[in-house]
1. I need a count of the residues in segment 35-62 that are open to solvent by 50 Å² or more (accessible area, probe 1.4 Å) and in contact with a Ser or Thr (Cβ under 8 Å, 6 or more places away or on another chain).
2. From the list Val2, Val46, pick out the single residue that is in contact with a strand residue (DSSP E or B) (Cβ under 7 Å, 6 or more places away or on another chain) and part of a loop (DSSP other than H, G, I, E, B).
3. I need a count of the residues in segment 49-64 that are in contact (Cβ under 8 Å) with a residue 40 or more places away in the chain and assigned to a loop (DSSP other than H, G, I, E, B).
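The values are calculated or read from the model by the stated rules, or taken from the named source; none is laboratory data. None of these values were measured; they are calculated from a predicted model. Methodologically, a virtual Cβ is constructed for each residue, glycine included, from the backbone with ideal geometry; neighbour enumeration extends over all protein chains shown. For the accessible areas, the whole protein counts, side chains as well, though only heavy atoms, and no ligand, DNA or RNA atoms are used. Shrake-Rupley method; radii C 1.70, N 1.55, O 1.52, S 1.80 Å.
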Amino acid sequence: MVPGGAIRDPRIDNHAFRVLALIGSYGTNDGWMRASQGWIAEQLGVSRPLVHRCLKELEEFGYIFSRPAEKIGRGLKDYRTSLDRNNVSPEGH
């Protein structure tokens with residue numbers, strides 16, 4: 001799922017939108033997706049630094065939440081899209 005506001009948001013470039021769409025399409029039943037920035041970059045055919053920038057912007061703009069992956073290898077994080085940017089906590093409560 002992709003937040004509808006991202007489609008019309010002029011701050012979101014094509015790269016960031018593709019990162020957002022990937023996160024939305026790979027989420028589990030609880031909405032979280034576990035991945036490294038390198039894996040996301042590989043899936044989209046872009047550089048890891050570009051993915052890092054996109055993730056930082058998407059989180060800053062309120063379109064995604066991230067958290068460190070628990071008890072998993074270094075570099076992995078959990079990501080989730082926020083469908084209601086004004087009323088969703090990062091923990092899903």
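1. 1
2. The match here is Val2.
3. So the answer is 2.
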